Every structure is written in C-alpha cells, then in structure tokens.
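The values are calculated or read from the model by the stated rules, or taken from the named source; none is laboratory data. Note that the structure is predicted; figures quoted are calculated from it, not measured. Cβ: placed from backbone, ideal geometry, glycine included. Neighbour counts: every protein chain shown. Ligands, DNA and RNA are stripped out before the accessible areas are found, and what is left, the full protein with its side chains, is counted by its heavy atoms. Shrake-Rupley method; radii C 1.70, N 1.55, O 1.52, S 1.80 Å.
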Amino acid sequence: MRSALTAVLALILAVPFATPANAADYPAKDARYHAYPEMVSHIKQVAAKHPDIVRVFSIGQSHQGRKLWAAEISDNVGVDEGEPEVLFDGLHHAREHLSAELPIYILDLLANQYGRQTDLGQRITKLVNKRRTWVVFMVNPDGLQYDLTGKPYRAWRKNRQPTPGTSQIGTDLNRNYGYRWGCCGGSSGRPSASDYRGPRAWSAPEVRAMRDFVNSRVVDGVQRVRTHITFHTAGELVLWPYAYTAKGLPPDMTALDRDAFKAMGRAMARTNGYRAKQSNSLYPSDGDMIDWMYARHRIFSFTFELYPTGGGTRKHWYPPDEVIARENRRNRDAVLYLMGKAWCPYHALGQQQARNNCGPLFDDFETGRGW
Ligand code: 0X9
Ligand code: CA
Ligand code: CA
Ligand code: ZN
C-alpha cells in the first residue's frame, strides 16, 4: 500500500510537468510561428550573436509568472546616449498570433542588416546608431500558451488572471490601461466578456509592466519615447488615438498633433497598403493602450491591425504560417519610417513644421543633410 506521504510527494513532483500550457506548442503545420519558449530562445540567440547592439531583458512578469521579454537595439547598447527612442510591442491579445511575429522580425531585421553596405543596410545602420529602439515581444504570454492548448487553438483573447469573486478568468489587456478607463461604453464590465476591462484600471500585471516601463523612459522630465506601434490582428489598418471618443479634435489633443498623426498614419499606410484612420471610427473602446500613451506621454502611438482584412473569426486570427514572412516584410518600411520620425514627428508635416517644433538644428536622419 502506498503511504499518504508518497502520494503527496508524487503529486508535488508531478505538478510542474502536468501544466499543459508550459509545454504547449504550435502544430507542425504552423511551426514557423513562435510559441513563448521559442521566442525566448530566439531573442537570446540574437543578443548573444550581436552583443554590441542588442540587449534582452524583462520588464516584469505575467500573472502566471512568465517573464515579459524585451530587447533594446542601439549602438552602445545599455548606455543612455540621449537618443530619440521608439517602442514596438506585440500580442496584447492571445489569439492574434501574427502580432507576435512582427516584433521578432524587427529585432532580426535591425540585427542582421546592421553594418551592411547595401542601401537598406546603410539606412538601418544609421537608425540603429541614432535611435534607441525597444521591442516588447509578447505582452500576453499566458494567453498565448493557453490558446495553443486547444486543437486547433482556443480563440482566446484575454490574459489568464482570475477575476476575484467570480469563477471567470481573463482581462482584456487592451481595455485595462488607465486613461479614461471604462469611461465610454467601449469595454465590458462583465467578467465573462471577451472585452472585460478588469475590476479596476491597471489590475493586470502585464499592463502595469508596460505602464512602468513607459514611465521609466521619462528622464529629467522628458519622455524619451516619441513614436510607437502596438501590433494586433486583423483588418489591415493603421489607427491613431483616440479610441474613447469620436471627436477628431477633442480637448486632450492638439490640432498640430492630430495633423501629425494623420500625416504619419497615411504615410505608413502608403507603404503597406493598409487603410489609415482614427481608432474610434473602427469602433469605440476605452482603456486602450495608445490612448494612454498619447494622453499621458504625448507619444505618437499607433495601433496596426495586421493581415488579413476584416476580423473576428478564426480565419482572421490564424492565417497559415506561410504568410508570416510576406506580412512581416510588408510592414518593414512603415517600421523604418516611424523610427526615422522619432527625432521629430512633426517632420511628417514638412521641413518648416519640423523647424518650428523641433528646433533649428533639426536632422531627420533619413536624408543626411550633414549638419
Ligand atoms: O479592440 C481592440 O483592442 C483592437 N482590435 S482587435 O481586433 N485586435 O482586438 C482595436 C484597438 C484600437 N481601438 C479601437 N479601434 N477602438
Ligand atoms: Ca504551414
Ligand atoms: Ca545608442
Ligand atoms: Zn487585438
């Protein structure tokens, strides 16, 4: 007869190996997508191969304790040289698989092209040298690993944090940011809803980690990050704030900034063939990341809804892995454009607006005026 102690011991030992989400992986037909452990080993390899320009680090932990991995890409990596900063992030929403691939592509692109003599190589070398680029690869790793336990996939959107006082699990991370949280009927107060906003603003640890990281980039009272893209799927859209209001020019946005958002949004959409508009006109939402990024930090923050057009069904969330490389490449020039504009987003409105708003020694680092 097995003793009670042996049984308890067996249970304790079995628990770490019995957690299916830790082992969950993409099926063979989608093997080119990165599950969380594959992403982690990939970015560590890139950092090991390019230690002069790439550093990986964690900005915090998910509800289930996974590290929220990020990379810094710049010359003299790890040193604050006062350069304009750019942020990219992916996978707020678990089932939006393609949105985790573009951040990995951006890291690979910058690392691999650095120092090359081709036109692209020279352009990227300059951007790496004169910018500090931050990439947060998967904001919602718990949700992704859970999504992968379904065969095929669970169509899961939220994180995996239980809601206190209920039997429900998950907060919509793109409804949990603290600017005008829950203000306007653009999120649900029902814990079972897929767009549940959480019991209070910032209740999700993943969202707090993003907040704390962005806040940490305020140095001597100035926010260093000037431009940002958060990647989602689907719809083939470039969206700018606000999501909470339909007003094109609400009191919490200047006319100049509105014009710069439009100009940059449209310029990026010309490069990838997406449609560009204010996010509210897709549908209203509140607690949205880019609303907070712009309202609190005046960051020129965009949501990209990646391939394909439309949205809301499995075929939109789960395109075959054969499209990953093509859709990543399709967004290359928009990414490089926004990195270029981080010195002076108003340059999107022309040389004169740049001079007026970013000082006489303005240099866009794209045309090489030699100042
Ligand atoms: O609803 C969202 O969070 C985003 N769309 S998704 O299908 N990826 O879930 C939209 C974010 C931009 N906000 C609004 N359009 N309101
Ligand atoms: Ca395939
Ligand atoms: Ca640098
Ligand atoms: Zn999304």
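Numbers below:
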item	result
Protein-only accessible surface order, largest first, of 177, 346, 146 at 1.4 Å	146, 346, 177
Test item: Cα-centred dipole of the chain, Lys/Arg +1 and Asp/Glu -1 on Cβ, debye	540
Net charge of neighbours whose Cβ lies under 12 Å from the Cβ of residue 238, counting Lys and Arg as +1 and Asp and Glu as -1	+3
Cβ charges +1 (Lys, Arg) and -1 (Asp, Glu), total dipole of the range 67-165, debye	440
Listed residues 39, 253, 339, most fluctuating in the chain (Gaussian network, C-alpha, under 10 Å)	253
Selected from 300, 213, 261 as most flexible by GNM, with the chain as the system and alpha-carbon contacts under 10 Å	213
Restricting the range 36-145 to GluC sites (Glu not before Pro) in coil, as DSSP defines it, with at most 16 other Cβ within 10 Å	81
Expected 222 nm ellipticity per residue - DSSP helices of 4 or more, -39500 (n - 2.57), all of the chain, to 500	-10500 deg cm²/dmol
Cβ-based net charge around residue 224, under 11 Å, with every Lys or Arg adding one and every Asp or Glu removing one	-1
Residues of type aspartates and glutamates that residue 277 reaches as a straight line, Cα spacing below 13 Å, ignoring anything fewer than 8 places off in the same chain	236, 259, 305
Residue 218/residue 119 FRET efficiency (R0 25 Å; Cβ-Cβ; nearest 0.05)	0.10
Cα gyration tensor shape of the chain, rounded if a/c is under 1.5, else prolate or oblate by comparing a/b with b/c	prolate
Exposure of residue 220 as accessible area (Å², to 10), given a probe of 1.4 Å and all protein chains	150
With all protein chains modelled, accessible area of residue 195 [1.4 Å, Å²]	50
Proximal aspartates and glutamates relative to residue 158, as straight alpha-carbon distance under 14 Å, when same-chain residues fewer than 8 apart are discounted	96, 142, 147, 172, 195, 206, 288
Burial order of peptide ranges 120-126, 88-94 (average beta-carbon count within 10 Å, highest first)	88-94, 120-126
Most to least accessible of 316, 42 (protein chains only, probe 1.4 Å)	42, 316
Dipole of the range 37-171, positive direction: furthest Cα of 86, 40, 167, with charges on the beta-carbon	167
Whole-percent carbon and sulfur share, accessible surface of the chain, 1.4 Å	54
Cα centroid separation - the range 325-357 against the range 264-311, whole Å	15
Neighbourhood charge, 14 Å Cβ-Cβ cut-off, centred on residue 97 and excluding it, Lys, Arg +1 and Asp, Glu -1	-3
Estimated distance in nm for a label pair at residue 329 and residue 247, the labels positioned 7 Å out from Cα along Cα-to-Cβ	4.5
Accessible area in square angstrom per residue, the chain, 1.4 angstrom probe	41
